[in-house]
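Heads up, the thing below is written out as structure tokens.
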Amino acid sequence: RAITLAAPARLRVLLYRRLVLRVAEAIAEQEGALGIVTGESLSQVASQTLENLGAVGAVATLPVLRPLVGHDKVEIIDEARRIGTYDLSVLPHQDCCTLFEPREAATRTTAEALTEAEAELDIEGAVSRSLGGARRIVPGGSSTASRQETGTVPS
């Protein structure tokens, strides 16, 4: 909500993605993971141009692995079915990226422009709140207790 209210509309999806990457890194750190794996594919959507992938990834301190970067949508769907994540990926949800999607999204932004847009935002607080509400979901299974209930960090 803070991003929606404070950031330029054309940068919002990229700012959401940077926030998600930060949350993923916090979970990875607590889990002892050595990197982050995403399902991004080059140029499938406006936020996944080479420039935007670089601008979003600039906040990462761990390696960001994108094994699907050269795949098309059909190949990605086939892979999701193969590894058991397809059913999870098509569950109805109010994804911030589609719910607040601007009419004209930035396709060639810079890390500096995103950092400037984040200047008025409480990024650390948003990461902390996100971690507090995180749940562990096992592909093919169901969500389990929240992090607070189990004392573990969701993957």
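Any read-out appearing in this document is the output of simple, stated calculations on the displayed coordinates, not a laboratory observation. Everything numeric in this text was worked out from a predicted model, so none of it was measured. Counting neighbours? That spans all protein chains shown, and the Cβs are built from the backbone with ideal geometry, glycine included.
For the reader, a short list of remarks on this structure follows.
- As a ratio to 2.2 N^0.38 Å, the alpha-carbon radius of gyration computed for the range 1-98 takes the value 1.13.
- Of 86, 28, 43, farthest towards positive along the dipole that unit charges on Lys, Arg, Asp, Glu beta carbons give the range 1-90: 43
- Once divided by 2.2 N^0.38 Å, the Cα radius of gyration of the range 1-58 becomes 1.22.
- Maximal additional length on extending the residue 123-residue 34 stretch stands at 29.8 nm, based on 0.36 nm per residue less the C-alpha distance.
- Sequentially through the range 127-135, phi angles give Karplus couplings (6.51, -1.76, 1.60; θ = phi - 60°) of 5, 4, 5, 5, 5, x, x, 6, 10 Hz, Gly and Pro residues having no value and appearing as x.
- Interchain or long-range residues, amide H under 5 Å from residue 65's placed H: 36, 37, 38
- Span from the the range 11-51 Cα centroid across to the the range 69-86 one, whole angstrom: 18 Å
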